[in-house]
1. Could you list all residues from segment 224-244 that are aromatic (Phe, Trp, Tyr) and surrounded by fewer than 17 Cβ atoms within 10 Å (Cβ to Cβ)?
2. Looking for whichever is at pLDDT below 95 and touching an Asp or Glu at 6+ places or on another chain (Cβ under 7 Å) here; the options are 142, 190, 218. Which one fits?
3. For segment 15-50, which positions are closer than 24 Å to residue 285 by Cβ and modelled with pLDDT of 90 or more?
4. Residue by residue through segment 52-92, note down the ones that are β-branched (Val, Ile, Thr) and touching a residue at least 40 places away in the same chain (Cβ under 8 Å).
5. For segment 93-112, how many residues meet the condition of being touching a residue at least 12 places away in the same chain (Cβ under 8 Å) and part of a loop (DSSP other than H, G, I, E, B)?
6. Which residues, counting only those in segment 103-136, are in contact with a Phe, Trp or Tyr (Cβ under 9 Å, 6 or more places away or on another chain) and among the polar types (S, T, N, Q)?
7. Could you grab me the full set of residues in segment 271-281 that are closer than 29 Å to residue 209 by Cα and under 21 Å from the mean Cα position of the chain (by Cα)?
8. Looking only at segment 245-261, filter to residues that are of a type in the set (S, T, N, Q) and in contact with a Ser or Thr (Cβ under 7 Å, 6 or more places away or on another chain); which one of those is surrounded by the most Cβ atoms within 10 Å (Cβ to Cβ)?
Amino acid sequence: MPRVWRGAHWRGTAISIMTPDEYCQDVTARSRSSFYYSFLFLPTQRRKALTAVYAFCREVDDVVDECKEEAIARIKLAWWREDIKQAFQGQAQHPVNQAIAHYKESFNLPLEYFLEIIDGMEMDLNQQRYADFKELSLYCYRVASAVGLLAVEIFGYRNRLTLKYAHNLGMAFQLTNILRDVKEDAARGRLYIPEDELARFNVTVADITQGIHNENTRALFSFQAQRAEDYYNQAFAQLPEEDRYAQRSGLIMAAVYRNLLEQIRKQDFNVTSQRVSLSALKKIWLAYQTARREKLRYLRSQATVQA
C-alpha cells in the first residue's frame, strides 16, 4: 500500500491514521450496504480490491447526493475523474484511488469502467427524468453494470460469457434499487421510472410523491419488478458453470436482492408509502445459505470431474 494518510483531511472526523485499505473498509462498513455481506466470503486480497471499488462508488455517489449546489458537484466529479486517471499513473491523491492503484494490475481493472461510473453519477445532475427504457438502460449500465464488470475481474473468470452475466446482473440490481427507492428518489426530484411507462399505466409523479397505492401503481410497479426478474433470469442463464463458484459473491448479492424483490411483491408492490428493506440478520442468513449451497455445488462438480 503506497502510504498512510490522515483521516481528518478527507472527512473532517476525529483525526486518525489509516492506510488506503483501512479507509475503504471504513467507508464500506459505515454504508451498511447489502454488498458488504457478499464481501465476507472472499479471499483477503479479492475482498480488499472489491472493497476499494465499492468505496469508489460510494464516494462519487455521495458527491451527487450530498452536494446541494450543482456547480460544486460537477467540480468534485471532475476532480474524481482526474484523480482516478492519475491512479492509473501511480499518482492518485485520494486514499480510495490509491487503493485502486494498488489492485488494478493484479485484477486487470480497466480505467474505462471507473470513468463510466462517474459519467453515470453525472447523469443525475443532467437529467431527472427518462423518456423510455432505452434512455434508462444507459444510466443503469453506467452506475451498476460497470461495477459488476469490475467485480467479475476481481472474482476471476475463464469464460467470456461471464461478462454478459455481470452486465445483466448489474441491470437487475439497479432495477431492484429503483423500485425500492422510488418514493425517496422522487422526493429528491429524480424519477427512474420511464415516462412512457408512467403514461401507459396512468400514474403521475404526484401519485408517487404522495404515497398513492392503487391498481395503477400496483400494475406499474409489478411491471418494473418483472423486468428486474427477467434480467436476473438472463444473468443466471449466461453464467457458465465453470465460473459459478468464483462468482459466488455476486450470487450472494443476487440472493439478497431477489429476496428484497420478493418482499416488495408480498407487500403488494406498495413502495410509495413505505420503503421495503431486509434486516442485517436476514442478509447474513441469505449470504451464509448461498455461500454454503454454492460450495456444495462446487464440491459435487469437482467430484464428478475427478470420477
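1. Once the filter is applied, which keeps residues that are aromatic (Phe, Trp, Tyr) and surrounded by fewer than 17 Cβ atoms within 10 Å (Cβ to Cβ), segment 224-244 yields only 236.
2. Within the list 142, 190, 218, the selection yields 190.
3. Start the filter on segment 15-50 by keeping residues that are closer than 24 Å to residue 285 by Cβ, which leaves 25, 28-44, 46-47, 50.
Across segment 15-50, the qualifying residues are 25, 43, 44, 46, 47, 50.
4. Within segment 52-92, the subset β-branched (Val, Ile, Thr) is 53, 60, 63-64, 72, 75, 84.
Across segment 52-92, the qualifying residues are 53, 60, 63, 64.
5. 7
6. Of everything in segment 103-136, just one residue is in contact with a Phe, Trp or Tyr (Cβ under 9 Å, 6 or more places away or on another chain) and among the polar types (S, T, N, Q), namely 127.
7. Filtering segment 271-281 for residues closer than 29 Å to residue 209 by Cα gives 271-280.
Answer for segment 271-281, where residues must be closer than 29 Å to residue 209 by Cα and under 21 Å from the mean Cα position of the chain (by Cα): 271, 275, 276, 277, 278, 279, 280.
8. Pass one, segment 245-261, residues of a type in the set (S, T, N, Q): 247, 249, 259.
From what's left, in contact with a Ser or Thr (Cβ under 7 Å, 6 or more places away or on another chain): 247, 249.
Details: 247: 22, 249: 25.
Of everything passing the filter in segment 245-261, 249 is surrounded by the most Cβ atoms within 10 Å (Cβ to Cβ).
The values are calculated or read from the model by the stated rules, or taken from the named source; none is laboratory data. None of these values were measured; they are calculated from a predicted model. Here the Cβ is made from the backbone with ideal geometry for all residues, glycine too, and neighbour counts use every protein chain on show.
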